[in-house]
Amino acid sequence: VRGGPQARKPVPRLLAFVFCCHYLYRGWYFPLSMRVHGGTKNFDLAIALGSWAVTVLHGYLNARWFAEHGTHLAATGRWLRSWRFRAGLVVYYTGFLAIIYHDSILRSLRRPGGPRYSIPRGGLYDYATCAQYFVELWAWFGFFLLSWGPNGLFIFFISCANLIPRAINTHEWY
């Protein structure tokens with residue numbers, strides 16, 4: 001809201017755009033495109049509030065890092081040519097595109113009148129039980145490289161703490 005010395009620089013704005021696009025997809029498009037099996041409860045207020053709190057904290061950390069503390073981001077030309085930025089861009093966007101692809105595989109499993117549970121096939125699901133979690137972590141690791149700060153580490157480690165136990169539980173359930 002109040003900005004900072006780097007708030008109007010190109011790289012911090014680019015990274016804020018990447019963050020916003022991710023959450024537009026994850027927070028709006030993805031939930032609205034899900035098919036819910038008839039007769040099931042698909043909403044838990046405690047989980048929604050916890051997710052909201054993490055997202056708000058992540059947004060705050062990003063804003064502070066981009067606008068004030070990530071001084072390396074203000075050196076636009078130098079940062080855009082750095083190996084961290086270039087690797088981060090490739091890792092993040094391959095991860096983000098893989099998120100969209102693997103989410104579409106999951107959505108295709110729930111057809112009206114079809115079975116309630118199905119094991120996904122195709123893509124990385126042929127190698128990992130929860131490929132969607134793996135590519136989410138892949139993307140957040142790329143975001144960490146892009147921003148090279150505690151904001152990126154925060155969301156990467158929070159995502160690991162959330163998704164790895166869920167993947168283990170799902171694998172055991174399968």
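None of the figures in this text is laboratory data; all of them are computed from the coordinates on show. Bear in mind that the values here come from a model prediction, so they are computed numbers and not experimental data. Here the Cβ is made from the backbone with ideal geometry for all residues, glycine too, and neighbour counts use every protein chain on show.
Quick notes on this one:
- For volume of the Cα convex hull per residue in Å³, the value calculated from this model appears in (1) 118; (2) 142; (3) 181 under label (1).
- Calculated FRET efficiency for the pair V56/I119, C-beta based, R₀ 45 Å, to 0.05: 0.85
- Three-way shape call for the stretch 125-174 based on the alpha-carbon gyration tensor, with the a/c threshold at 1.5: oblate
- For the stretch 1-151, the dipole from Cβ point charges (+1 on Lys and Arg, -1 on Asp and Glu) about the Cα centre works out to 300 debye, to the nearest 20.
- Extreme residue, positive dipole direction of the chain, given options A63, A74, F19 (C-beta unit charges): A74
- Most fluctuating residue given options F144, F30, F154, as computed from a GNM of the chain linking Cα atoms under 10 Å: F30
- Once the Cα-Cα distance is subtracted from the 0.36 nm per residue extended length, the I164 to R13 segment shows a gain of 51.3 nm.
- The stretch 107-150 shape via C-alpha gyration tensor axes, a/c threshold 1.5: prolate
- Separation of the S33 and Y93 label points, Cα + 7 Å toward Cβ, nm: 1.9
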